[in-house]
Amino acid sequence: MRYLCLGHAMKESLPVRTARQCLENAVAQAGAEVLRGFCLSDGGDGFLEACEDAFGGELRRVRVECCDPLGNPVVADMLFDETKRLCVIEAALTCGLALVEPAKRDIMASGTAGLGDMIFAAYQMGTETLLIGLGGSATCEGGLGMLGQLSILSGASEAPPKAGWTAQDLVDQKYSLATLPSVLPATTKICTDVRNPLLGPQGAAMVFSPQKGATAEQAVALDGAMSRFADEVEALAESGRNADAQLRTLPGAGAAGGLGFMLSALGGEIQSGAEMLLDQIKLPALLEQADGVITSEGRFDMTSLHGKAPWAAAQAALRCGKRAIIACGSASAEAVAAAADQGVEVIACCEELPVEQRRDKTPEMLTQKLTTYLGRGRAS
């Protein structure tokens, strides 16, 4: 049996390259063959590594001085291909939840100014194609901080906010907008698995801010503040590249606390991060040479069946009549049954591990359980 191994990070327990290596090790230990291995991402954790694997070529890492969600200085990597003028940014490396210690997380004090630093660095390098991965953010301010930083760096604003605009500034309306800076290249792809709009019951604030620590009252306040903010931004965008678009209702506008909305207002186009990467590696052609696909995910539940990269890879395998296996840390019985009904095999590898042991033990457990599972299937 020949398998295509597509490693997807397991949140806070298994980095994407380690995930890929675990899958490849399990296949080899089970006596099967690894056809090819790639890192996979939806746009969040592991997006840079996935793009390195998918695009290859002359992509090199560039370090950018920026700030984390709370305004503290950090240095983040992005990718740049000087020949193709292609730049890849992973938003979570500057405004991600993983950058902030759990005890210090404060959604109202968090902002996206650091992403503005990275985008402006890409602009200064002469980027012609920009890929921005969204996911895993600590923020919910509609991209206000990013907009403020880009306005300052591009000269559209003369008075920089003291430490970058935050969600609290959004709610208190302590910001001023005069214009939208023109810094995104004509080809800017916003890569995400989120399909939520900006506002309302399914919007950024009401769905995602509680996952980042917001109270019910804060979520309502943020939703109202983003509605006012959207009015202002859309008015400024009327004469821009997205003049005809209903920006706030775009599927994915609510991604990363509303960054999808703001990047769309600046001229970007939202697309599925998973589909972009799977197209880039030419998955159907690879599947012609493989017997199946093995991928990974942290928690497999019903949301996994809607746009997530591992599920997209599994579905592609099924369409080609190939075996599809998802190795996950834990899984809901409902989701496992739903996957089985469609022919996707889901193996939960680490459910018995205490939270504090997951980072250390997950690689070993994943490899062992998957090896055993493949061995039972007489993979050879």
Elements of type strands (runs of 3 or more DSSP E) contained in segment 1-96, each with 2 or more residues being touching a residue at least 12 places away in the same chain (Cβ under 8 Å), assigned by TED's automatic domain parsing to the domain that holds residue 331 and on the phi < 0 side of the Ramachandran plot: 2-8, 33-40
Filter result for residue 228 (closer than 30 Å to residue 109 by Cα and charged (D, E, K, R)): yes
- request: Can you work out which of the residues in segment 346-363 that are surrounded by 14 or more Cβ atoms within 10 Å (Cβ to Cβ) and out of contact with any helix residue (DSSP H, G or I) (no Cβ under 7 Å at 6 or more places or on another chain) is modelled with the lowest pLDDT?
  value: 358
field: Top-ranked residue in segment 301-323 [being at pLDDT below 95, farther than 16 Å from residue 276 by Cβ and in contact with a helix residue (DSSP H, G or I) (Cβ under 9 Å, 6 or more places away or on another chain); ranked as surrounded by the most Cβ atoms within 10 Å (Cβ to Cβ)]
entry: 304
- prompt: Is there any pair with a first residue in segment 341-366 that is under 13 Å from residue 26 (Cα atoms) and a second that is of a type outside the set (Ser, Thr, Tyr) and in a helix (DSSP H, G or I) whose Cβ atoms are under 6 Å apart and which are 6 or more apart or on different chains, and what are they?
  reply: 349/365; 349/366; 349/369; 363/22; 366/22
query: Just wondering, is there one or more residues in segment 161-170 that are of a type outside the set (S, T, N, Q), on the phi > 0 side of the Ramachandran plot and touching a Cys at 6+ places or on another chain (Cβ under 8 Å)?
result: yes
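From the list 340, 335, 327, which residue is within 24 Å of residue 135 (Cα to Cα) and in a helix (DSSP H, G or I)?
Selected residue: 335, the only one of 340, 335, 327 that is within 24 Å of residue 135 (Cα to Cα) and in a helix (DSSP H, G or I).
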message: Residues that are under 18 Å from residue 281 (Cβ atoms), touching a strand residue (DSSP E or B) at 6+ places or on another chain (Cβ under 6 Å) and buried (at least 24 other Cβ atoms within 10 Å of the Cβ): does segment 54-72 have at least one?
response: no
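One line per residue, one yes/no per condition, for (1) more than 27 Å from residue 186 (Cα to Cα); (2) of a type in the set (Asp, Glu):
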{"residue": "55", "(1), (2)": "no, no"}
{"residue": "61", "(1), (2)": "no, no"}
{"residue": "65", "(1), (2)": "no, yes"}
{"residue": "108", "(1), (2)": "yes, no"}
statement: Scanning segment 295-327 residue by residue, the ones that are under 23 Å from residue 367 (Cα atoms), within 20 Å of the chain's Cα centre (by Cα) and aliphatic (A, V, I, L, M) total 6
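The values are calculated or read from the model by the stated rules, or taken from the named source; none is laboratory data. Just so it is clear, the model here is predicted, and its values are computed rather than measured. Methodologically, a virtual Cβ is constructed for each residue, glycine included, from the backbone with ideal geometry; neighbour enumeration extends over all protein chains shown.
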